[in-house]
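**Student:** The structure is given below, and queries will be raised subsequently.
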Amino acid sequence: MDGTLISTLISNQLQGPWGVHVTPAGQVLVCGFQCHSVIQVDREGRNKMATLLSQIKGRSRSAAVCANKNIDQIMVGLENNNNIIFVGVTMSGLRVL
């Protein structure tokens, strides 16, 4: 690794990318801080694959995300209200390339 830029994701559906998490399977999850969402992007970071969470309750901003495949949940840290929410997802439902 020499610090060379590999790719840039440009999407009007991702406003204010903040927290990023890579699952053990290589799935990339990104918090959209200003758009109140969590999306999945491809491994290369070029394309949005899915919206996992949108319009978070109370319009709180998503700041951090982590996935737990053992209990099929993503945990999302929220900025406005100092809460962490736990959202059930089917990890096999996360798209793997």
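**Student:** Within region 57-74, restricting attention to residues that are aliphatic (A, V, I, L, M) and part of a strand (DSSP E or B), which residue is nearest to the chain's Cα centre (by Cα)?
**Tutor:** V65
**Student:** Which members of region 1-25 meet the condition of being at positive phi and modelled with pLDDT of 80 or more?
**Tutor:** Scanning region 1-25 gives a single hit, G3.
**Student:** So how many residues does region 1-17 have that are of a type in the set (A, V, I, L, M, F, W, C) and surrounded by fewer than 16 Cβ atoms within 10 Å (Cβ to Cβ)?
**Tutor:** Going through region 1-17 one residue at a time, the tally reaches 4.
**Student:** While we're here: Return the residue satisfying two criteria in turn: it lies in region 46-56 and is at pLDDT below 80 and assigned to a loop (DSSP other than H, G, I, E, B), and of such residues it is farthest from D72 (Cα to Cα).
**Tutor:** Only one residue fits best here, namely Q55.
**Student:** Hey, another quick one. Can you work out which of the residues in region 18-44 that are in contact with a helix residue (DSSP H, G or I) (Cβ under 9 Å, 6 or more places away or on another chain) and not polar (S, T, N, Q) is surrounded by the most Cβ atoms within 10 Å (Cβ to Cβ)?
**Tutor:** First, the residues of region 18-44 that are in contact with a helix residue (DSSP H, G or I) (Cβ under 9 Å, 6 or more places away or on another chain): 23, 25, 27, 36.
Then keep just the ones that are not polar (S, T, N, Q); that gives 25, 36.
On the way: A25: 13, H36: 22.
Looking at the filtered set, the residue picked out is H36.
**Student:** Sticking with this one: Any residue in region 21-44 that's assigned to a loop (DSSP other than H, G, I, E, B): show its pairings with residues that are exposed (fewer than 15 other Cβ atoms within 10 Å of the Cβ) and of a type in the set (V, I, T) at Cβ separation under 6 Å, as long as the two are six or more apart or on different chains.
**Tutor:** Listed pairs, sorted by first residue: A25/V96.
The values are calculated or read from the model by the stated rules, or taken from the named source; none is laboratory data. This is a predicted model, so every value here is computed, not measured. FYI the Cβ positions are ideal-geometry reconstructions off the backbone, even for glycines, and counts take in every protein chain you see.
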